[in-house]
Amino acid sequence: MTRDIVIPEAARPYLEAQRGAISDKLAEGHGAWAAALLQSYEDDFAQIKPALPDYAPVNVLDIGSGLGGIHIWLDDYFRTMAPGHPSTFNLLDGDNDPPTPNKNWMTHSNRGVALSFLEANGVHRVNYRRPGNIGFVPRGVDLVLSLQAWCFHLEPRFYLDQALYLSQPDTVFVMDVRAGRPEWNEQLASKLEIVKVLAHKPKYRRIQFRRKPA
Ligand SMILES: C[S@@+](CC[C@H](N)C(=O)[O-])C[C@H]1O[C@@H](n2cnc3c(N)ncnc32)[C@H](O)[C@@H]1O
């Protein structure tokens, strides 16, 4: 592990729900859970790092960001590349939701909690909006990211056209694509092509895409 993070009290229930893969650690106490949370971000960052744009600052769109902890790592990374030229992180998820996930896969996130979590960890250039409001994101997004949200709980078609509209020819797309949904793969393949499979899990593949040439 290379860094530590601050976890404000209000962020805990949201992170417990949104990073469900580590929920078994809750029984071992806060310290074990917090260590597993940190490790889960480290693992995510190590997997997506080879796909990241090799320039900074970048304009990032994260669909189904939750509290957006991965941006702590992205901000560090791009800041090292271009000190003094911070990247912008555009996060799309629910606002003022209770933290409990629900069976219909509605949102379960919170703008104020996300902003204070990221602020406490040194990430300051964050725009966070609820779904249906994607127009807040400036065109020319360099990186479209979605970890276990869009293409995992939500069909690609929900955001595909909007994400493409905001993209540019060399935009990097990284999404977790749910296994066993051939029609989802077809939706994606109509507009994007696979560059690399970054991770292969029983429930999903973490895939780097790029726009299909026009
Ligand atoms: C498993 S969590 C992952 C959160 C975050 N990407 C992470 O890796 O920590 C799934 C997220 O998808 C969000 N979500 C569900 N429906 C959504 C929708 N229609 N639009 C945007 N986000 C949505 C949920 O609120 C939740 O924060």
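Take the stretch 119-141 and flag every residue that is away from the ligand (no atom under 11 Å from the Cβ) and of a type in the set (Gly, Ala, Ser). Before the answer, list the steps.
First pass over the stretch 119-141, keeping only residues away from the ligand (no atom under 11 Å from the Cβ): 119-128, 135-141.
Answer for the stretch 119-141, where residues must be away from the ligand (no atom under 11 Å from the Cβ) and of a type in the set (Gly, Ala, Ser): Ala120, Gly122, Gly135, Gly140.
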Hey, among Ser87, Ser116, Ser65, which residue is among the polar types (S, T, N, Q) and near the ligand (Cβ under 9 Å from one of its atoms)?
Ser65
For the list (1) crowded, with 16+ Cβ neighbours inside 10 Å; (2) touching a residue at least 60 places away in the same chain (Cβ under 8 Å); (3) in a helix (DSSP H, G or I), I need the number of the one condition that Ile5 fails.
(3)
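Tell me whether the stretch 71-84 contains one or more residues that are within 11 Å of the ligand (Cβ to nearest atom) and either at pLDDT 95 or above or of a type outside the set (D, E, K, R) (or both).
Of the stretch 71-84, the ones within 11 Å of the ligand (Cβ to nearest atom) are 71.
So of that shortlist, the ones also either at pLDDT 95 or above or of a type outside the set (D, E, K, R) (or both) come out as 71.
Checked the stretch 71-84: at least one residue is within 11 Å of the ligand (Cβ to nearest atom) and either at pLDDT 95 or above or of a type outside the set (D, E, K, R) (or both).
Could you say whether any residue in the stretch 50-69 is among the hydrophobic types (A, V, I, L, M, F, W, C), within 16 Å of Ile5 (Cα to Cα) and touching a residue at least 40 places away in the same chain (Cβ under 8 Å)?
From the stretch 50-69, those among the hydrophobic types (A, V, I, L, M, F, W, C) are 51-52, 56, 58, 60-61, 63, 67; that's our starting set.
Going one step further and asking which of them are within 16 Å of Ile5 (Cα to Cα), we end up with 67.
If we keep only those that are touching a residue at least 40 places away in the same chain (Cβ under 8 Å) too, we end up with 67.
Scanning the stretch 50-69 turns up at least one residue that is among the hydrophobic types (A, V, I, L, M, F, W, C), within 16 Å of Ile5 (Cα to Cα) and touching a residue at least 40 places away in the same chain (Cβ under 8 Å).
Residues to consider are Val172, Val144, Val195; find the one that is within 15 Å of the ligand (Cβ to nearest atom), modelled with pLDDT of 95 or more and in a strand (DSSP E or B).
On the way: Val172 fails: within 15 Å of the ligand (Cβ to nearest atom); Val195 fails: within 15 Å of the ligand (Cβ to nearest atom).
Only one candidate passes the filter, namely Val144.
With respect to Ser40, determine if the residue is polar (S, T, N, Q) and farther than 28 Å from Val195 by Cα. Full working, then the answer.
On the way: polar (S, T, N, Q): yes; farther than 28 Å from Val195 by Cα: no.
For Ser40, the condition - polar (S, T, N, Q) and farther than 28 Å from Val195 by Cα - is not met.
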How many residues, within the stretch 175-192, are part of a strand (DSSP E or B) and not aliphatic (A, V, I, L, M)?
2
Only one of Thr107, Thr100 is polar (S, T, N, Q), outside any helix (DSSP H, G or I) and surrounded by fewer than 16 Cβ atoms within 10 Å (Cβ to Cβ). Can you tell me which?
Thr100
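When residues of the stretch 175-184 are filtered for being buried (at least 18 other Cβ atoms within 10 Å of the Cβ) and either free of Cβ contacts under 8 Å to residues at least 24 places away in the same chain or away from the ligand (no atom under 12 Å from the Cβ) (or both), how many remain? Walk me through how you get there before you give the answer.
Within the stretch 175-184, the subset buried (at least 18 other Cβ atoms within 10 Å of the Cβ) is 175-178, 184.
Keeping just the survivors that are either free of Cβ contacts under 8 Å to residues at least 24 places away in the same chain or away from the ligand (no atom under 12 Å from the Cβ) (or both) gives 177, 184.
Final tally of qualifying residues: 2.
The values are calculated or read from the model by the stated rules, or taken from the named source; none is laboratory data. Being a predicted model, the structure only gives us computed values, none of them experimental. No Cβ is skipped: glycine too gets one built from the backbone with ideal geometry, and neighbour counts run over all protein chains shown.
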